[in-house]
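Since the structure comes first, as structure tokens, the remarks are kept for the end.
The values are calculated or read from the model by the stated rules, or taken from the named source; none is laboratory data. Values in this document were obtained by computation on a predicted structure and should not be read as measured data. Glycine also receives a Cβ, built like all others from the backbone with ideal geometry; neighbour counts cover every protein chain displayed. Ligands, DNA and RNA are stripped out before the accessible areas are found, and what is left, the full protein with its side chains, is counted by its heavy atoms. Shrake-Rupley method; radii C 1.70, N 1.55, O 1.52, S 1.80 Å.
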Amino acid sequence: MGKVKKEDILDILKGYDKENITIATLGSHTSLHILEGAKEEGFKTAIVCEKGREVPYKRFDVADEYIMVDNFRDIVDEEVQEKLKSMNAIVVPHGSFVAYAGLDRVEDDFVVPMFGNRDILRWEAERDLERQLLTEGNVRIPYKYSDPSEIDRAVMVKFPGARGGRGYFVASSTEEFNQKIEAMKSRGWLEDEDIAQAHIEEYVAGCNYCIHYFYSALNDEVELMGMDSRYESSIDGFVRMPAKDQLDISLSPSYVVTGNHPAVIRESLLPQVFDIGDKLVESAKKLVKPGMNGPFCMQTLVNDDLEVICFEISARTDGGTNTFMGGSPYSYLKYNKPMSMGRRVAVEIKTAIKEGKLDKIIT
Ligand code: ADP
């Protein structure tokens with residue numbers, strides 16, 4: 001548990017002018033629709049922007065205030081935090097905010113009110129904790145091997161920390177595992193200390209659906225907001241090559257996300273989609289009190305037995321929400337008007353202000 005306590009944040013919130021809240025975030029990842037959505041709901045917006053990265057925010061005109069910094073990580077600097085608080089800012093976290101600010105500093109030094117459950121961010125970042133959330137909820141996940149000698153079918157081998165899948169590989173036997181480890185080492189993609197931490201799991205031959213949910217702590221409801229699939233380099237370029245050439249050049253693919261496609265899933269799979277979302281929310285309630293709060297994402301693969309298998313989660317706005325800045329087919333069904341994830345967050349904050357329940361959704 002970090003040093004920033006909810007009580008300290010609630011104290012700061014007491015000093016805020018609730019009629020004059022600013023929604024703020026770091027200029028990267030999903031900040032365009034977070035800020036646009038906030039504006040649509042009538043909030044002022046602020047962006048903490050790295051010098052040289054302001055172009056999209058200016059061209060799309062999503063921010064009322066700019067806090068320019070030399071480096072993204074400066075968002076945790078005292079001076080920046082003071083500026084944010086003076087604007088009555090509520091910060092909406094996203095993947096780059098956590099990556100650049102650093103989890104430790106978010107937990108220990110960032111004393112600005114944040115939307116969502118600050119404590120859950122560590123659970124999505126560490127593979128063992130993430131697995132615990134999923135297994136506690138009985139969500140189907142890829143089978144995990146405890147030792148390379150057990151490999152008896154196609155497996156995917158992963159290493160700690162999201163590194164865009166660099167150094168990840170597939171293998172179908174112990175020999176192939178050993179050969180590929182050596183190859184990755186000679187390429188400088190893996191160090192000796194990584195190898196002991198190799199995470200070996202069942203390779204799921206299936207289609208990718210990253211499912212975006214919003215858990216409303218105010219209504220105790222899990223909403224399906226949208227879906228995307230990833231567009232990853234080099235794997236998605238690689239598969240455009242005839243199989244024979246793929247074999248000839250023996251490239252090891254990487255999975256660096258370069259963009260996203262909007263997706264919809266077969267309607268008959270929607271019961272599973274709601275079921276796994278509900279289960280994750282329930283297990284988060286038990287393991288990371290008070291649990292999920294706001295946007296979360298389950299990255300899944302659907303195999304030809306039509307099982308939805310979850311290989312990763314995010315417990316905050318995921319990058320794939322950029323596929324529905326004007327709403328998705330699912331958010332349309334729910335809201336009958338354009339509803340991005342950013343706007344949904346703003347709606348929740350607005351409702352909480354109106355009902356005097358900000359303490360339920362801020363940490
Ligand atoms: P990172 O977060 O480090 O980028 P991921 O865990 O998201 O890595 O995996 C990268 C990509 O690898 C995913 O987008 C997915 O396409 C593929 N992948 C991950 N796990 C499996 C698996 N068990 N079986 C098949 N493909 C997988």
Met156 touching a Leu at 6+ places or on another chain (Cβ under 6 Å), in contact (Cβ under 8 Å) with a residue 24 or more places away in the chain and either assigned to a helix (DSSP H, G or I) or within 13 Å of Glu312 (Cβ to Cβ) (or both): no
From the residues in the stretch 204-228 that are touching a Ser or Thr at 6+ places or on another chain (Cβ under 9 Å) and small (Gly, Ala, Ser), which one is farthest from Ser340 (Cα to Cα)? Gly206
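Suppose the filter is surrounded by fewer than 19 Cβ atoms within 10 Å (Cβ to Cβ), under 11 Å from Val157 (Cα atoms) and near the ligand (Cβ under 9 Å from one of its atoms); does Tyr168 pass it?
Numbers: surrounded by fewer than 19 Cβ atoms within 10 Å (Cβ to Cβ): no; under 11 Å from Val157 (Cα atoms): yes; near the ligand (Cβ under 9 Å from one of its atoms): yes.
Here the answer is no, as Tyr168 does not meet what is asked.
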Flagged pairs (Cβ under 6 angstrom, 6 or more apart or on separate chains; first in the stretch 237-257, within 20 Å of Gly165 (Cα to Cα); second part of a loop (DSSP other than H, G, I, E, B) and of a type outside the set (Lys, Arg)) are Phe238/Pro253; Ser254/Gly165; Tyr255/Gly165; Val256/Gly164
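Considering only the stretch 1-119, give the strands (runs of 3 or more DSSP E) lying wholly within it that have at least 3 residues that are β-branched (Val, Ile, Thr) and either without any contact (Cβ under 8 Å) to a residue 12 or more places away in the chain or under 19 Å from Thr317 (Cα atoms) (or both). Can you show your working first?
Working: elements: 22-26, 44-50, 65-69, 89-91.
Once the strands (runs of 3 or more DSSP E) in the stretch 1-119 are filtered for at least 3 residues that are β-branched (Val, Ile, Thr) and either without any contact (Cβ under 8 Å) to a residue 12 or more places away in the chain or under 19 Å from Thr317 (Cα atoms) (or both), what remains is 22-26, 44-50.
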Say we look at the stretch 221-269 and pick out the residues that are of a type in the set (Asp, Glu) and more than 13 Å from Gly319 (Cβ to Cβ); which of these is nearest to the ligand (Cβ to nearest atom)? Asp236
Note on the stretch 308-363: residues touching a helix residue (DSSP H, G or I) at 6+ places or on another chain (Cβ under 7 Å), β-branched (Val, Ile, Thr) and open to solvent by 10 Å² or more (accessible area, probe 1.4 Å) are Ile353, Thr363
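Counting only residues that are outside any strand (DSSP E or B) and either at pLDDT 90 or above or under 17 Å from the mean Cα position of the chain (by Cα) (or both), how many does the stretch 245-269 have? Please lay out each step first, then the result.
Taking the stretch 245-269 first, the residues outside any strand (DSSP E or B) are 245-254, 263-269.
When the remaining residues are screened for being either at pLDDT 90 or above or under 17 Å from the mean Cα position of the chain (by Cα) (or both), the result is 245, 263-269.
Number of matching residues: 8.
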